[in-house]
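Have a look at the structure below before the remarks.
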Amino acid sequence: MSMQHTFGTFNRDSGSLTLQGTARTTGKLLATQGYVVGIEISGSGARQSVALADLEGKILYRTRRPLEHVPDTETVLKLIDEMLAETLTPERLSDGRVLRVGVAVGGLVDASQGIVRTLHHAHGWNDFPLQDYLAKRLDRPCIIDNNANAAALAEVVFGAASGPDSFQHASERVALYVGLGRGIGGGLVVNGKIYHGASSTAGEIGHMLVKEQGPKCSCGSYGHLEGIASAQAISRAMIGLSVEYPETEAAIRRVTGARAERITAEQVFRMAAAGDAVARGIIQEVYTYLGIALANIVHLVNPGVIILGGQVAQAGELLTRPLQERLQDLCLKAASQSLRVSQGALGAEANLVGAVTLALQDI
Ligand SMILES: [Zn+2]
């Protein structure tokens, strides 16, 4: 599969990337020729991808190998090897060599050490030194980070917060990215840099407690945001609750082509908008508890923009508008009046573009 894509242009005011100029803080001269490689490893196995991009972030080639199961290290590293071999052909590298590799990992990552702490429910990943492993294997500098952090950076550099008006009049350019996928991840980008915190767990907002005695979360605890507002939580609630409502069951069969187990969060939002009472109840919970979590974050970090990504964000304005209104209600006016809630611009490619963006940092 070969595709060409451009995701906007660099915004040198909002991003940390500068492609033109003279020397960097490292003292190195800027590279003007060459490529970077982005690698995406999802925690569920659904997406293992490799992309080759030029130094402006334009993806020249990408390949993807989905897995049906949660990926162990051996399987994933073998797939990555195969995808790299497929991607890095001499014809594609005619204009220079690969300068750096970025990896977006759907798990807990210690970015300062380059270690994957854990991929939930997967074998072989605990404290796996992925950064060193790939750097040695490819003989190139490599940088790894959590996928929500990578997507956050990508949305700031190339996506929803890359425009010149993204942080108008802001004294600090603070963007919060919320990835509402199978799980929930968050990433904070402050003045063009990912904010990692003391031990690289900043942004793990999926595990914020928002509802005591709430549903069980993937981590085993109860009442976490991820157990209510992730794509999986929304679909699961819809399937579970519909059992007692024949009309809702029939509606689910209609929108899924009789494959109820495949109902997506976006479809639940659309059913709610069309008046289905069960769907409305579920979506109301999402607005309520996602609203609480985001309002609490807003009061702590005062972001200029909140970018919603992942499958749930495919609901578009059905998600962003009520949340924006809810934040106006819940937050101090001084904190919320300049706050913008946006759907991510990179869609399902945010993590892979994120991996490319990681690789492009400081080149
Ligand atoms: Zn949790």
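Hey, could you check segment 223-235 for residues that are in contact with a strand residue (DSSP E or B) (Cβ under 8 Å, 6 or more places away or on another chain) and outside any loop (DSSP other than H, G, I, E, B) and say which is nearest to the ligand (Cβ to nearest atom)?
First pass over segment 223-235, keeping only residues in contact with a strand residue (DSSP E or B) (Cβ under 8 Å, 6 or more places away or on another chain): 223-227, 229-231.
Within this subset, residues satisfying the condition of being outside any loop (DSSP other than H, G, I, E, B) are 224, 226-227, 229, 231.
Numbers: His224: 4, Glu226: 5, Gly227: 7, Ala229: 12, Ala231: 15 Å.
Among those residues, the one meeting the criterion is His224.
The criterion of at least 1 residues that are in contact (Cβ under 8 Å) with a residue 24 or more places away in the chain and over 26 Å from Leu209 (Cβ atoms) is met by the following helices (runs of 4 or more DSSP H) wholly inside segment 262-363: 265-273, 277-301, 317-330, 350-360.
Rundown of residues vs (1) closer than 13 Å to Met238 by Cα; (2) more than 23 Å from the chain's Cα centre (by Cα); (3) crowded, with 20+ Cβ neighbours inside 10 Å, yes/no style:
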| position | (1), (2), (3) |
| --- | --- |
| Gly257 | no, yes, no |
| Gln267 | yes, no, yes |
| Met271 | yes, yes, yes |
| Gly275 | no, yes, no |
| Pro303 | no, no, yes |
| Gln314 | no, no, yes |
| Arg321 | no, no, no |
| Leu330 | no, yes, no |
| Asn351 | no, no, yes |
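Exactly one residue out of Gly107, Gly96, Gly114 is under 19 Å from Tyr195 (Cα atoms) and touching a residue at least 60 places away in the same chain (Cβ under 8 Å), and it is Gly107.
Summed over segment 180-222, the residues that are near the ligand (Cβ under 10 Å from one of its atoms), part of a loop (DSSP other than H, G, I, E, B) and either of a type in the set (Ser, Thr, Tyr) or on the phi > 0 side of the Ramachandran plot (or both) give a count of 3.
Evaluate segment 157-175: report whether one residue or more is in a strand (DSSP E or B), surrounded by 16 or more Cβ atoms within 10 Å (Cβ to Cβ), of a type in the set (A, V, I, L, M, F, W, C) and within 14 Å of the ligand (Cβ to nearest atom).
The initial filter retains those residues of segment 157-175 that are in a strand (DSSP E or B), namely 174-175.
With surrounded by 16 or more Cβ atoms within 10 Å (Cβ to Cβ) added as a condition, the list becomes 174-175.
If we keep only those that are of a type in the set (A, V, I, L, M, F, W, C) too, we end up with 174-175.
Keeping just the survivors that are within 14 Å of the ligand (Cβ to nearest atom) gives none.
No: segment 157-175 contains no residue that is in a strand (DSSP E or B), surrounded by 16 or more Cβ atoms within 10 Å (Cβ to Cβ), of a type in the set (A, V, I, L, M, F, W, C) and within 14 Å of the ligand (Cβ to nearest atom).
Screening Glu247, Glu266 for residues that are under 19 Å from Leu290 (Cβ atoms), away from the ligand (no atom under 12 Å from the Cβ) and charged (D, E, K, R) leaves exactly one candidate, Glu266.
No value in this document is a laboratory result; all are computed from the given coordinates. Since we're looking at a predicted model, the values are computed, not measured. Because the Cβ atoms are built from the backbone with ideal geometry, glycine has one as well, and the counts that use them run over all protein chains shown.
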